[in-house]
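K.L.:
Here's a structure for you.
What follows draws every value from the coordinates through simple rules; no lab data is involved. If you're wondering where the values come from, they're calculated on a predicted model, not measured in any experiment. All Cβ positions, even for glycine, are placed from backbone atoms using ideal geometry, and neighbour counts span all protein chains on display.
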């Protein structure tokens, strides 16, 4: 999937500035697509050149004009074509899994440190996803349909992080067994 479709999907919901899109990618799209503000602005320029979004310059006092991006009919058609096309899942490429696969060569102390670091990162990610859920997706019954779908994407991230942490516990238990000679 290209960043372009994540941007078009965000703009499908509402017109946004590049700054607001960057914030949306850090909150409600955090589990969906990771992009820097440089990548976002560069891709917005391409989308505009290709006629998939329109731009409205909004004057501001003492500051550069604000640029409001809006998906247009051509962009909506491209997004519709893309979302209605079956896509293969991206291949798994996980260095930690490769290390475990070659476990006979592992320095177990180094692995334990790496696992502790990984656990901390995953806990922080899970806490962040939960905070986004609490902020944006509180009452499911009152959510419009498009928010419910967005919530499902976030739930996948939450459940995935919970599963990752559970699996990490299994790895740590196995390392403890090996250290105990079991």
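K.L.:
List the equivalent ellipsoid semi-axes of the range 84-182 in whole Å, largest first, each obtained as the square root of 5λ for an eigenvalue λ of the Cα gyration tensor. Present the calculation step by step, with values, prior to reporting the outcome.
P.N.:
On the way: eigenvalues 242, 59, 20 Å².
In descending order the semi-axes read 35, 17, 10 Å.
K.L.:
A further question on this structure: Going by how many other Cβ atoms sit within 10 Å of their own, how do 167, 122 line up, fewest first?
P.N.:
Starting with the residue having the fewest Cβ neighbours, the order is 167, 122.
K.L.:
Oh, and also: Need one number: nm distance between label points at residue 89 and residue 149, each 7 Å from Cα along Cα→Cβ, rounded to one decimal.
P.N.:
Result: 2.1 nm between the two label points.
K.L.:
Across 5 Å bins from 0, what is the distribution of all Cα-Cα pair distances for the range 3-83, in whole percents?
P.N.:
Histogram of Cα-Cα distances, whole percents per bin: 3, 16, 28, 26, 17, 7, 2, 1, 0.
K.L.:
Compute the acute angle (0 to 90°) between the alpha-carbon long axis of helix 3-13 and the principal axis of greatest extent of the alpha-carbon atoms of the chain; round to the nearest 10°.
P.N.:
Taking the Cα atoms of the chain, the angle to 3-13 is about 60 degrees.
K.L.:
When the chain is modelled as a GNM with alpha-carbon springs shorter than 10 Å, which of 23, 96, 44 fluctuates the most?
P.N.:
Of 23, 96, 44, the Gaussian network model singles out 96 as fluctuating most.
K.L.:
A further question follows. Give me the angle, in degrees from 0 to 90, between the Cα long axis of helix 145-179 and the longest principal axis of the Cα atoms of the chain, rounded to the nearest 10.
P.N.:
It is inclined by approximately 20 degrees.
K.L.:
Right, another one. For the chain, take the longest principal axis of its alpha carbons; what is the angle in degrees between that and the long axis of helix 108-136, to the nearest 10 within 0 to 90?
P.N.:
40 degrees
K.L.:
Where the centroid of each part is defined by its Cα atoms, how far is the range 121-168 from the range 33-86 in Å?
P.N.:
The two parts, judged by their Cα centres, are 26 Å apart.
K.L.:
Can you work out the base-10 log of I(q)/I(0) for the chain at q = 0.12, 0.15, 0.16 1/Å, using the Debye formula on its C-alpha atoms alone?
P.N.:
-0.74, -0.99, -1.06
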